[in-house]
Structure formats: C-alpha cells, structure tokens
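Below you'll find the structure, written out as structure tokens, and then a few comments.
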Amino acid sequence: MTTPLMQLRGLTVDFDTGPRFVRALHGIDMEIRRGETLGVVGESGCGKSITWLAALGLLGGARVSGQVLFDGDDLLGMGPRALSKVRGGRVALIFQDPASALNPVQRVGRQIGEALALHRGLRGDAARTEARRLLDRVGMSNAAQRLNEYPHELSGGMNQRVMIAMALAGEPDLLIADEPTTALDATIQAQILDLLGNLQRETGMALALISHDLGVIADMADRVAVMYAGRVIEEAPAADLFATPGHPYTRGLLAALPDLDGPRARLAAIPGSVPAPNGLPPGCAFARRCAHVDGVCETAPPTLRVLPDAPARHVACARMDALWCGQNSVAAAPQTRERANA
Amino acid sequence: MSDVLLSARALARHYPVRLPGGLLGRPATLKAVDGVDFDLARGEVLGLVGESGCGKSTTAKLVLGHVPPSSGEVRFDGAPVPTDRRADWRRLRRRMQMIYQDPLGALDRRLPIVAQIGEPFDIHCPDMPRPERRERAAALMASVGLRPDQAGSYPHELSGGQRQRVVIARALALDPELLVCDEPVSALDVSIQAQVLNLMSDLRDRTGFAALFISHDLKVVRQMADRVVVMYLGRIVEEGLPDQVFHAPLHPYTQALVSAAPTPHRRARNRIVLPGDPPNPVDVPSGCPFHPRCPAAVARCRSEVPSLVRDAGRAVACHLAQSAGGDLSPAPRALKAKVA
C-alpha cells in the first residue's frame, strides 16, 4: 500500500485557560490517501476543526504535540518558512463563512493574484489571466468582470467560489474544507458540493470535508471519521458507516436525525449533552449518555480498535465486541443499502 | 367559533430601498412578501420552507403584527391583527407567541432564567399573586425538562439546548393558541435538536397549540408539520401535506430543494443542481419568478405569472404543473436538468 498523503499521529492540543491547560484533543490518529474524500463529522466542540487548524500550525497560543506527516515531512517540526510553502500551496483551506475570510476592501482579482504570486510566482498579466481561468473553473459566470468586484458585491455562494478559486491557485494536493456549505442555502449548497466533487475528479486532489451535517458527509465522503469530545470514536468507509453504524454515538446520531422518507416517528434523541472539555469523565466520554454503558466504560477511555470481520472499520468502544455481534445478527440484513457513487 | 385560527389574504410587505446609481441612489421596491394566502386551523402546524430572502421571516413578523402589511391582511380568530402596538395588540400577543432561532439573543443575559420564564405573568397577569407566579414558573421549567436547581442560572451558564428550552417555556407561559417558530432548532446540534423537537411535539400534544413552523431544513419540517408551504421570492409556489410535497413535489423548485436536501439515508440519488443564485427580491424576473433558474421553463414562463392553483388539498404555482382541466401533476423534469 502506498503511504498516505497526510497522516496525523497522536495529535493532542491543550488550550491555556490561565490557571491550567485544558486538553481539547486527546491523541487523534487519522490519515488521508491521495485523491480520497475523508469526511470528518461531529457536533460543535468535538474538535473537528481544531484538528486541522492544529495540524497546519494555525492555532496560536495552544500547545500542540504529536506528529503531522504530510508526504513524509512532519509539519509540526517545520520552520515557519517551510510551513508557509506547504500551507496554501500543497494544502489549502476553505472556511464556513467566505465573506469574513475574504478581505472586504480588496477586489477579488487582487486577492486571487496574491495567492498566485505567493505560490506560483505569477505576476501582472500572467496572474490576471490565471485568476480569470480559475474563476471560470469554479463556475463563475462573467469571470473577467468579477475580478474587479469586491466581496460585498457577490452573493455567499459566489464568495465561496472565490475562496475555492484561491485555494486552487496553489494547485493543492489536499483541500481542507471546514463546513464549506453550512452558511449557504440548500440550492447553493448543492452547487458547491457538485463543484467540489467535479474539481476533485479533474485534479485528483484529496479532500478533507469537515461538517456537522451527516447528509453532506454521506453524499461526498469515501471514508468517514466521527469525532466526539476530542477523540475519533469511529472510522469507516462511508457506505458501511451509514448502513451499519458501529459506535453507540454514531448510531444515536443517525437515529436522532429526522428523515424525508419512511414513516414519521418520534425521534430517538440522545439524552444529556456533550461534557465540557475540562469536565471529562475518567472513562469513555460518551458513557453518561450511552444506552449500553457498563462498568468497563468508566475505567479508561477506549481506544480505536478494528472491528471483528471488518478490517477497514475502527471503533473506540469498550463494549464493541458484544454490541457488534448483537447488531450483525439482528440488523445487518435489512439494513444493507447499495453503495452509492463508489 | 370557526376552525380557522389564522388566515392571510393577499398578504404583502414591500420595502422602499435605494439602489446604487445617481447622487442619492435610485429608488426601488423590495417585495419581501408579495401576495401570500394561507389558512391555519386550530391546533395545526403549518411548515414554511424556503431559502434565505424568500420572505419566511417577514411572513412571521406580519402574522404577529410586528410590521404592518403593505396590502392584504392577517386575521387571527376572525379579527384583523392590529399593528399599532397598543393595548389591543398586546392583548392579542398574549395568545400568539414567538420562538426565535438564537435563544441567547432572545433572553436577557442579566436575569436568572426563572424570572424570564415568569415574566409573561408579570406583564399580562399583574393581579396574579406572587406565590402562584413562582409556582407556575417552576411548573413550566419542569415541563420543558429543566431542573429546579437551574432556576437561578443565567443564560450564559446554560447550553444552547437548555436556553432554547427556556425560550419555549416562556413562550408557553400564557397557554398561547399560536406559536410562531422561526428556525427554532437550526442553531442546535443534531442530538440536541432531536430533544427539542420531541419536547415541542409533546407540549403540542398536551396543550394543543397551533404553530407556524419556519425552517430551511426539510427534514425538520417534515417531522413537525401537518401541512407545508414552500416559498420562493415572496410567493407561495407549492402547498400540500408533507409527504405529498416531499415525495412527489409538483413545482420544479420544490423538486430541486427535495433532491438537494442532504440526508444520510438516501446515498444513491440524483441531485438536481439549479444554476445561479436566487434573484434579488428588488429585481424580480418577469413572468414566473423562478424561470431563470428553472430547468423546465418554456416561453410562457417568461411572460406570464403563474397563479397558485388549488386542487384536492394541494396547490402549485407553475404553468407546467397545471393542466387546462385544473388537475395538478408534477412538472416534467426537463432533459436540460443537470443531474449530478
């Protein structure tokens, strides 16, 4: 097997809260292979965004340790100069709110030009032609005119296209998209997801898609990592995860989601709420909300382990062996769903 | 006493705006809501879906009398809703309450929550003895699943889901007949969203309030609503039962919305990707407002505004979905439609 494009090993983040450090990430292990889409899903505060900000050295004031290997080089040990070559060049980031990520007092063309100058050394007419080509590529009509406009003259969907064009300026191997469509309307979200899928097919870049929306993740991802309270609690191929979720939290999330099809039934809500990072229980962070909790859950946090008979799937649950066998015998057959856009 | 609690007739709200151009700008009219008709029966939940700028929230404000309509009217229990914010409006507001998207913005940060939940009694029932007010506030807290020891908490000490429970408790304090909910769970995480939706269903079963339930999330609307109205650019484009609208949408816009709704339970599906952005409500296209983005549009759509035609409990405003005989059938999904 070829080495993954990016590998996070034991990534931890501690925030300085004054009197003491509070651990927000408890040793994240994740990898992205070339060209694949990794979906990272979880509720607010689970650490899904922090993981990637920490990996790229964008978390000022926090203590970050572990290893972030990008194409074999450890980004955490890199000097600022080398890091800024990777960041924005080989790894690009787009955020939820494009309007606040763009500079409001500079024309769109100039902002794309800046990225082109930094990462490709293009200036003047060459940069302008390339910027125009990039805007065409992300599906902006009338690209030549758009270059002279300011972000406030464009809609939210257009601004997100500009962000994607800037991200493409460095011809990245990996695009990290942090809730790229959360602020957008449903029909615009469909456009942006469509665009990201097409760009990925054309350029072969890998995509890390961070979202709270299980539907978006199900649509886009090849593989999914589910996070809870600063840990990855399940990781699996997307089709498997949504057909037969393993971890009780993943099962709970899917059951709590209302649906457009099927009979309308009362939602199966997960009781309680996510514990605060400075008040985590000694054992599994989900134990207090879990229907399958047992004595073993309260001793130590469970680690990610391979599921029996499913080598591509990992679950961090002390009771997984019992739960998984129970589920497979009862629920696996009717739940098999055809694998979409494989 | 009729069965209709709330009715809107040819309801419109236009705002004068100034567009760039000239010394002081060019005057124009923004038609936030442009001729909306609907009825809401007692105890019914009407879902209102649409994208930002389609007039959902303006409709909510019109219903509550927060802004006066430019034309048309809203009637609550047979009488027009006053908009003058005087005594008669206040009396009516007792019977209709609002739940907003952002609970932190709807709560007073400097008051303990029990005082906020009891505040409607202070305003509307000044004669109620103090111990009874306290007792009723405590009962409300219990009914929305807040613990008695949280009574003295301030909003910042609670989680988002708990804050929304406080807002719901306060809205239900006076047993309103109508609740207007504007994106009540959009700011909440999935697991908490399910808790709040279940709570609202339970409270509805117990108290029988009617609701105007506004959301951009089709899944949430299907979960809560008895009937659904889809809006686009200030007008109703489709109406029907949730399963009719979401399983066999008639209007091409609804078809696109439904196909684009992200749900993990339908991985293999054809997403209809509409071109372009929703038009600026200042500059509504001629004919059918949806025609520039419509994959099925024909020449007639560019010139003639489709009216909302009703048939057997459903309604649609689309030339292609209406036959000459008055029957409604889904608009054809044109070959042009880009299926991703």
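The values are calculated or read from the model by the stated rules, or taken from the named source; none is laboratory data. Since this is a predicted model, take the numbers as computed values, not measurements. Heads up, the Cβs are rebuilt from the backbone with ideal geometry, glycines too, and the neighbour counts pull from every protein chain shown. Side chains included, ligands, DNA and RNA excluded: accessible areas come from the protein's heavy atoms. Shrake-Rupley method; radii C 1.70, N 1.55, O 1.52, S 1.80 Å.
Counting only DSSP beta bridges with both residues in chain A, what percent are antiparallel, rounded to the nearest 5?
On the way: 30 of 49 bridges.
Once the DSSP bridges in chain A are tallied, antiparallel ones form about 60 percent.
Over segment B:207-305, calculate the relative contact order: mean separation of alpha carbon pairs under 8 Å at least 6 apart, over the residue count, as a percent.
Dividing the mean separation by the residue count of segment B:207-305 yields 19 percent.
Need the full-extension length gain, A:Ala322 to A:Ala265, defined as separation in residues times 0.36 nm minus the C-alpha distance. One decimal, nm.
The span from A:Ala322 to A:Ala265 would gain 17.7 nm if fully extended.
When you take every Cα atom in the protein assembly as shown, what is the radius of gyration, and what is Dmax, the widest Cα pair distance, in Å?
Cα radius of gyration and Dmax of the protein assembly as shown are 26.4, 78 Å respectively.
For chains B and A, what's the summed buried accessible area, probe 1.4 Å, to the nearest 100 square angstrom? Please list the in-between numbers first.
Values: alone 16550 and 16540 Å², together 28970 Å².
Using a 1.4 Å probe on protein heavy atoms, the buried area is about 4100 Å².
At 0.36 nm per residue, minus the direct Cα-Cα distance, what do B:Asp149 and B:Asn270 gain on full extension? Give it in nm, one decimal, please.
Numbers: separation 121, 0.36 × 121 = 43.56 nm, distance 5.04 nm.
That works out to 38.5 nm of additional length.
Can you work out D for segment B:110-173 in µm² s⁻¹ from Stokes-Einstein, where Rh is the Kirkwood radius over C-alpha pairs, the temperature is 4 °C and the viscosity is 1.567 mPa s? Intermediate values should be presented prior to the final figure.
On the way: Rh = 11.5 Å.
Value of D from the Cα-based Kirkwood radius: 112 µm²/s.
Please list A:Ser49, B:Ser70 in order of solvent-accessible area, largest first, computed with a 1.4 Å probe with all protein chains present. Mind showing how you got there, number by number?
Numbers: A:Ser49 40, B:Ser70 65 Å².
Highest to lowest solvent-accessible surface, that is B:Ser70, A:Ser49.
Rolling a 1.4 angstrom probe over the protein chains, ignoring ligands and nucleic acids, what is the accessible area of B:Ser7 in square angstrom, nearest 10?
Accessible area of B:Ser7: about 20 Å².
Could you order B:Arg91, A:Arg231 by accessible surface area, starting with the largest, using a probe radius of 1.4 Å?
Numbers: B:Arg91 155, A:Arg231 60 Å².
Descending accessible area places them as B:Arg91, A:Arg231.
First select every other residue whose beta carbon is under 11 angstrom from the beta carbon of A:Asp136; then total the charges, Lys and Arg +1, Asp and Glu -1. Show your work: numbers first, answer last.
On the way: positive: A:Arg132, A:Arg133, A:Arg137, A:Arg146, A:Arg161; negative: A:Glu130.
Result for the neighbourhood of A:Asp136: +4.
Does anything in segment A:182-207 have its amide N under 14 Å from the 7 Å Cα→Cβ label point of A:Arg120, and if so which residues?
So the set is A:203.
What does the convex hull of the alpha-carbon atoms of segment A:6-221 project to on average, in nm²? Please list the in-between numbers first.
Working: hull surface 48.6 nm².
Averaging across all directions leaves 12.2 nm² for the Cα convex hull.
Please report, in cubic angstrom per residue, the volume enclosed by the convex hull of the alpha-carbon atoms of chain B. Spell out each step's value before the answer.
On the way: hull volume 56.8 nm³, N = 340.
Hull volume normalised by residue count: 167 Å³.
Among residues other than B:His14 whose Cβ falls under 12 Å from its Cβ, what is the net charge (Lys/Arg +1, Asp/Glu -1)? Display every interim value, and only then the final one.
On the way: positive: B:Arg13, B:Lys31; negative: B:Asp34.
Charge balance near B:His14 sits at +1.
Which value, in Å² and to the nearest 10, is the accessible area of A:Arg146 when all protein chains are kept and the probe is 1.4 Å?
For A:Arg146, solvent-accessible area is about 40 Å².
Report the accessible area of A:His119, computed with a 1.4 Å probe over the heavy atoms of all protein chains in place, in Å² rounded to the nearest 10.
60
State, as an integer percentage, the relative contact order of chain B based on alpha-carbon contacts under 8 Å between residues 6 or more apart. Write down the numbers at each step before the final one.
Working: 653 pairs, mean separation 61.4, N = 340.
So the answer I get is 18 percent.
Quick one: which of B:Lys31/B:Lys56; A:Lys48/A:Lys85; B:Lys61/B:Lys219 span more than 20 angstrom between C-alpha atoms?
A:Lys48/A:Lys85; B:Lys61/B:Lys219
Between A:Arg33 and A:Asn142, with labels modelled 7 Å along Cα→Cβ, what's the label distance in nm to one decimal, could you check?
Roughly 4.4 nm, to one decimal.
Once you put a point 7 Å from the Cα of B:His247 and another 7 Å from the Cα of B:Arg110, both along the Cβ direction, what distance in nm separates them?
Once both label points are built, they end up 5.4 nm from each other.
Treating only the Cβ of Lys, Arg, Asp and Glu as charged (+1, +1, -1, -1), what charge dipole size does segment A:14-157 show about its Cα centre? Round to the nearest 20 debye. Don't skip to the answer; put the middle values down first.
On the way: 19 positive and 16 negative charges, 92 e Å.
I would put it at about 440 debye.
Once R0 is set to 30 Å, what does the formula 1/(1 + (r/R0)^6) return for the Cβ-Cβ distance between B:His124 and B:Arg9, expressed as a FRET efficiency to the nearest 0.05?
Details: r = 29 Å, r/R0 = 0.95.
Efficiency, rounded to the nearest 0.05: 0.55.
Could you grab the relative contact order for segment A:6-221? Cα pairs under 8 Å, six or more apart, rounded to a whole percent.
On the way: 372 pairs, mean separation 57.5, N = 216.
Computed value for segment A:6-221: 27 percent relative contact order.
So for chain B: antiparallel DSSP bridges make up what percent, rounded to the nearest 5? Walk me through the intermediate numbers first.
Working: 32 of 49 bridges.
Just about 65 percent of them are antiparallel.
Using a 10 angstrom cutoff on alpha carbons, build the Gaussian network for chain A and name the most mobile of A:Arg120, A:Arg137, A:Arg266.
The residue with the greatest mean-square fluctuation here is A:Arg266.
Taking a 1.4 Å probe, which of B:His124, B:His291 shows the most accessible area, and what order do the others take after it? Display every interim value, and only then the final one.
Values: B:His124 55, B:His291 30 Å².
Heavy-atom accessible area, descending, gives B:His124, B:His291.
Any idea how far apart B:Ala142 and A:Glu149 come out in nm if each label point goes 7 Å out from Cα toward Cβ?
5.8
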